[in-house]
Amino acid sequence: MINAMRQQTRKIATLERDNEERKTKEATQQKAEDTTPILGNRLMLTAGPGGPMPQQSYANGIAPQATGFGGF
């Protein structure tokens with residue numbers, strides 16, 4: 001019984017310490033994100049694909065859709 005209580009106490013202390021470390025790490029990360037300029041090293045959502053544009057011809061900019069029709 002005493003050993004079980006000791007193990008629980010150690011586990012709780014470890015979890016509390018880990019939680020505090022996580023909180024401080026997240027706070028410093030959030031502070032760094034708040035001070036970093038938006039156009040820094042972040043990717044923009046409107047940047048498109050990272051590689052070169054594929055050389056495919058789409059009618060009116062719309063990609064052909066797979067319909068399962070095999071043709072004749």
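Kindly list, by first and then second residue, each pair from a residue in the range 2-31 that is of a type in the set (D, E, K, R) to a residue that is surrounded by 10 or more Cβ atoms within 10 Å (Cβ to Cβ) and not in a helix (DSSP H, G or I), limited to pairs with Cβ atoms under 9 Å and residues at least 6 apart or on different chains.
As it stands, the answer is none, since no pair meets every condition given.
Can you tell me which of THR14, THR67 is within 29 Å of the chain's Cα centre (by Cα) and either surrounded by fewer than 10 Cβ atoms within 10 Å (Cβ to Cβ) or modelled with pLDDT of 95 or more (or both)?
Step by step, each of THR14, THR67 is checked, and only THR14 is within 29 Å of the chain's Cα centre (by Cα) and either surrounded by fewer than 10 Cβ atoms within 10 Å (Cβ to Cβ) or modelled with pLDDT of 95 or more (or both).
Modelled with pLDDT under 60 and surrounded by 10 or more Cβ atoms within 10 Å (Cβ to Cβ): does that describe ARG22?
no
The values are calculated or read from the model by the stated rules, or taken from the named source; none is laboratory data. Predicted model only: the values in this text are computed from it and were never measured. Cβ atoms come from the backbone with ideal geometry, glycine included; neighbour counts cover every protein chain shown.
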